[in-house]
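For reference, the structure is listed below as structure tokens.
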Amino acid sequence: MSRISNKINNVVLIVSYNGRDHLEKLLPSLFDQTISKDLYRVVVVDNGSSDTTEVFLGKKYPEIIFIPLSKNKGFAEANNIGIKYSATNFEGLENIIFLNNDTMVSSNFLEILTDGINRHTDAASVQTKIVSMDSKTIDSVGISLHRSFNAVNTGQGELDTGQHDNSEREIFGTTGSAMIAKIEALRSCDLGDNNYFDRLYFAYNEDVDLALRFRSSGYSSWYVPGATVRHVHSATGGNQSKFKAFHSHRNTIFNIIKNAPGFSVFTTLAAFVGSYFSQIKNNKEIKTSLSKLKGNIGSLGIIMLVLRVWISVIIYIPVILLKRYFLQRGTKIGFKDIKRWLYI
């Protein structure tokens, strides 16, 4: 693709897979923003869709930059391709707004995010309030991390009564479904070869990994109220699917081995294994994709899935340990810095 000469500070990056129906709902809201269209460009990376996404965008939104992939390379790698393209082709690029295709955004979405990231000079990323598509419940006001490194969307399932509308605050991390990140922070966390969201993860918990790497590089993340994103949670991967359960579970283990500082890797792994028992007891504090799937495939199905996960972890242990070596060598934080964000 040829280099684009115009200067753009912000790129909205959307990864889509057979998501034309979602894009038809999202894009009108994305092009009806309070900031000028001259201040941002939209890039869609398509993961080998078999629907008519390309035809639809070409006819209705020719201004969108469309990057078709020959096959589904996963959420992580598709984002990496979009980041590389944007960083290469737009002079003066400062921020990338990551946005799921199964969302709709308020008219001040880009204004609130760009203002927030500019005000918080030490921030790598910022997000605003994300709610269910019917706007009744909270979907996410940030990422929270259990001591087992199981991650949850803060506030998910709460009735939205405006309780998060006036509280701007630092959070552990931002969810990849709708967030803004500084290009300089992404570059500082590159695992090599334009690997910002770890492509090994394919999908799920790659945003948790990135949040951990932002932290270890000395950056913060913030929740900034004022805008709203409506989200169909897990519209592509399925909320209670084996695919999601496998990747979420395995990638959590990857996150522990890669990112837990020092000897805390052992205590965190122990807490993670202990979380199995909490899930068996239906502990409300730990609701992972495994516990949500249990009712569909039964205990034996869960056991078989967990075995598949640990076999995959063992296969990739050399790769993960090598990444840990380089990450831990350059970290600017210790376990105390991570511990203050963990909930029990």
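Each reported figure results from applying straightforward, stated rules to the coordinates on display, with no laboratory input. Remember, predicted model here, so these are calculated numbers, not experimental data. Here Cβ is always computed from backbone atoms with ideal geometry, including for glycine, and neighbour counts include all displayed protein chains.
Quickly work out the TYR276-to-ASN166 label distance, labels modelled 7 Å from Cα along the C-beta direction, and quote it in nm with one decimal. In this crude spin-label approximation the distance works out to 4.7 nm. Roughly how many whole Å is it from the C-alpha centroid of region 318-336 to that of region 54-104? First find each Cα centre; the distance between them is then 30 Å.
Before rounding to the nearest 500, sum -39500 (n - 2.57) across all DSSP H runs of length at least 4 in the chain and divide by the residue total; then give [θ] at 222 nm in deg cm²/dmol.
Values: 10 runs with 145 residues, N = 344.
Value at 222 nm, helices only, nearest 500: -13500 deg cm²/dmol.
Computed extension gain for LEU307 through TYR61, at 0.36 nm per residue and net of the alpha carbon distance, reaches 84.0 nm. The trypsin sites (Lys or Arg not before Pro) of region 21-106 that meet both conditions, a loop assignment by DSSP and at most 10 other Cβ atoms within 10 Å of the site Cβ, are LYS71. Note on LYS244: aspartates and glutamates with a C-alpha under 15 Å away, same-chain residues under 8 apart excluded, are GLU206, ASP207.
Arranged from fewest to most other beta-carbon atoms within 10 Å of their beta carbon, ILE171, ILE8 become ILE8, ILE171. Taking every DSSP beta bridge that has both ends in the chain, the antiparallel portion is near 45%.
For the chain, the fraction of C-alpha pairs farther apart than 33 angstrom is 23 percent.
Contact order for the chain, expressed relative to its length and based on alpha carbon pairs under 8 Å spaced 6+ residues apart, stands at 18 percent.
Nearest 10 degrees, 0 to 90: what angle lies between the long axis of helix 109-119 and the longest principal axis of the chain (Cα atoms)? Once rounded, the angle reads 70 degrees. Listing TYR316, TYR325, TYR85 from fewest to most neighbouring C-beta atoms within 10 Å gives TYR325, TYR316, TYR85.
Rounded to the nearest 10 degrees, the angle from helix 264-280 to the longest Cα principal axis of the chain is 90 degrees.
Structure note, pairs LYS84/LYS323; LYS60/LYS182; LYS136/LYS336; LYS129/LYS332; LYS25/LYS71; LYS37/LYS60: Cα-Cα distances above 27 angstrom occur for LYS60/LYS182; LYS136/LYS336; LYS129/LYS332.
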